[in-house]
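Student: What follows is a structure written as structure tokens; I'll ask about it next.
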Amino acid sequence: MKQEVSLVSKNYYEDELKHSEKMQRQNNVNALASKPELSFEGNKVKITFSQFSQIENGKLTVQRPSKEALDYQFAVPAVSDSNQYFELKNWEAGLYRVGFSWKAGDKEYYFEKVLVL
């Protein structure tokens, strides 16, 4: 008896490597003594993080799973303040997946939270 087995993605191996890298970045965040916090304040995403001054290549992604037109991406600079705000010019009430990635030293980090606006 023959049974065809198809992969979910044609790029299965590349996707698996990316997933493994993402998991390592999340583990790096879990090892931090002070973790970032993500929240909404009105139509702005607020990141609270005591180590902003040490980050490199910071990036904030805001994804609305039900409407791609409401997705955003922002550069997150290294600053001395512990709060940064990013305005969503067009937005609708609902669920958003918010991710914050950065590099510090030789490690990469990724923190994600689902928020409802």
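Student: Sort out which residues of the stretch 78-91 are out of contact with any Asp or Glu (no Cβ under 9 Å at 6 or more places or on another chain) and either surrounded by 12 or more Cβ atoms within 10 Å (Cβ to Cβ) or at positive phi (or both), and write them in order of number. I'd like the intermediate steps shown before the answer.
Tutor: Keep residues of the stretch 78-91 that are out of contact with any Asp or Glu (no Cβ under 9 Å at 6 or more places or on another chain), which gives 79-84, 86-91.
Residues satisfying the conditions are Val79, Ser82, Asn83, Gln84, Phe86, Leu88, Trp91.
Student: Could you tell me which numbered condition Gln73 fails, if it satisfies all but one of (1) more than 13 Å from the chain's Cα centre (by Cα); (2) exposed (fewer than 13 other Cβ atoms within 10 Å of the Cβ); (3) at pLDDT 95 or above?
Tutor: So Gln73 meets the others, but not (1).
Student: Here is a follow-up. Checking the condition modelled with pLDDT under 95 and of a type outside the set (Gly, Ala, Ser), which residue from Lys46, Lys59, Lys18, Lys35 passes? Before you say what the answer is, go through the steps one by one.
Tutor: Numbers: Lys46 fails: modelled with pLDDT under 95; Lys59 fails: modelled with pLDDT under 95; Lys35 fails: modelled with pLDDT under 95.
None of the other options fit; the residue is Lys18.
Student: Which one is nearest to the chain's Cα centre (by Cα) among residues in the stretch 27-49 that are surrounded by 13 or more Cβ atoms within 10 Å (Cβ to Cβ) and more than 27 Å from Ala93 (Cα to Cα)?
Tutor: Result: Val29.
Student: Taking interchain pairs and intrachain pairs at least six residues apart, which have beta carbon atoms under 9 angstrom, with the first residue in the stretch 30-52 and on the phi > 0 side of the Ramachandran plot and the second charged (D, E, K, R) and outside any helix (DSSP H, G or I)?
Tutor: If the second residue must be charged (D, E, K, R) and outside any helix (DSSP H, G or I), the pairs left are Gly42/Glu87.
The values are calculated or read from the model by the stated rules, or taken from the named source; none is laboratory data. Just so it is clear, the structure is predicted and the values come from calculations on it, not from any experiment. Note that each Cβ is placed from the backbone with ideal geometry, even for glycine, and that neighbours are counted across all protein chains shown.
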